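The values are calculated or read from the model by the stated rules, or taken from the named source; none is laboratory data. Computed from a prediction, not measured in an experiment: that's the story for all the values here. When we count neighbours, we look across all protein chains shown, and the Cβ atoms used for this are built from the backbone with ideal geometry, even at glycine. Areas reflect the complete protein model, heavy atoms only, side chains present, ligands, DNA and RNA absent. Shrake-Rupley method; radii C 1.70, N 1.55, O 1.52, S 1.80 Å.
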Amino acid sequence: MLLELAANRRILFFGGKGGVGKTTVSAATALAMADAGKNVLLVSTDPAHNLGHLFDRKIGPSPVRLAPGLDGMELDPEQTVEQHLQEVTAALRRMMPIHLAAEVDKHMELSRDAPGMQEAAILERIAEVAEQSSSYDLIVFDTAPSGHTARLMALPEMMSAWTDGLIKRREKADRFSAVLNSLAKDTDMGDKAFGGDAENLVEDRESRIRRLLNRRKQRFAGLRDTIADHKKTGFVIVLAAERLPVLETIELYAQLKRAGVDVAGLVVNKRLPEGMQGFLAERRMQEEIHLAMLSDKLGRLQRKDLTLAAHDVLGVDGLRAFAQKF
Ligand SMILES: Nc1ncnc2c1ncn2[C@@H]1O[C@H](COP(=O)(O)OP(=O)(O)OP(=O)(O)O)[C@@H](O)[C@H]1O
Ligand SMILES: [Mg+2]
């Protein structure tokens, strides 16, 4: 089921609670698709990266080759926030009167730890990766534990509304300064009021700000369109067959749906094997009870159950063996 899902899409997100197997399942899916001849990029958006542990090698914020046809990268939240803050600060400083520059800096310094900052920065990087990775047939995103992810998915909408607002204000300010400029020219004050080449400088500055804002707007709009295109993009929820994960999956599904995201399928991972006795048999019965609730609410979704293996899944060989069950 997972390989069919991946074969028909260009972008797949894997999300779910902590420790359920998002990294393992997404990496195994990516590797299996690469083995099938696709050019695949595997991206970890989780601040607590574990792609590196899984492949037992260092993976940074730029793509590295993990296997034939498979590249991997880990978005670096610190660096992402830094870059994002610098861009936004530069844009704001250009938009505000010079005497408020120190205020802008102070505000942005406080924003560094503001709730949502990391998500916004990571979202911008996801948008960038989705936009710039046209050489890949498939991009697989291994996301951070849920809650986070659903908010992230709703963000493109918010972010493009935010940049839209800024652009509108900018346009108003532009019209205002155009009037000022022509007034100054009429009264032959231009050069004195703004200094030598001031008019050109102002125009240049304006167009740079607009370009920056428009680029961000397009990037978020692009991501929103990509996410909304259910033929291209899907979300797979990974969960364990326990009561709370099942309840949270039902909630996550509703949140994703509200954000316009197509939940392409469910993976119930680490299921206890069949045919056991005593404690394990009883536990498996419990799983069936919880999964009945899942079927009741989300029965129309495709579902794949994966059994708990005796050993951890590690490295390219381990992932290949794991993907045999897909
Ligand atoms: N079906 C399975 N059988 C045995 N071990 C598994 C299975 N699936 C995952 N694991 C193991 O469980 C551990 C957690 O898996 P993984 O790192 O993929 O979870 P995660 O959802 O990405 O966690 P996090 O939320 O911390 O990112 C790993 O040690 C992995 O090898
Ligand atoms: Mg993980």
For region 1-156, the spread of Cα positions along each principal axis, largest first, Å: 59, 31, 29
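Ranked from highest to lowest mean number of other Cβ atoms within 10 Å per residue, what is the order of the peptides 19-27, 290-298? Working shown, then result.
Numbers: 19-27: 24.4, 290-298: 15.1.
Packing proxy ranking, top to bottom: 19-27, 290-298.
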Provide, for q = 0.13, 0.18, 0.25 Å⁻¹, the log10 of I(q)/I(0) from a solvent-free Debye sum over equal Cα point scatterers in region 1-66. -0.35, -0.69, -1.29
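Provide the per residue accessible area, probe 1.4 Å, for region 218-260, rounded to a whole number of square angstrom. Intermediate values should be presented prior to the final figure.
Details: 2030 Å² over 43 residues.
Counting only protein heavy atoms, the per-residue value for region 218-260 is 47 Å².
Calculate how large, on average over all directions, the projected area of the Cα convex hull of region 225-267 is; give the answer in nm² to one decimal. Mind showing how you got there, number by number?
On the way: hull surface 11.0 nm².
Mean shadow area of the hull around the Cα atoms is 2.8 nm².
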Determine, from the Cβ-Cβ distance of residue 111 and residue 131 and an R0 of 22 Å, the FRET efficiency 1/(1 + (r/R0)^6), rounded to the nearest 0.05. 0.35
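On average, how much accessible surface per residue is there in region 283-326, in Å², for a 1.4 Å probe, leaving out ligands, DNA and RNA? Please report the intermediate quantities before stating the final value.
Values: 2840 Å² over 44 residues.
Spelled out: the 1.4 Å probe surface of region 283-326, per residue, equals 65 Å².
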Roughly how many percent of the accessible protein surface of region 37-81 is carbon and sulfur, given a 1.4 Å probe and a whole-percent answer? 51
Residues residue 210 and residue 64, FRET efficiency given R0 of 30 Å [Cβ-Cβ distance, rounded to 0.05]: 0.25
What does the charge count near residue 313 come to, summing +1 for each Lys or Arg and -1 for each Asp or Glu among other residues with Cβ under 14 Å from its Cβ? 0
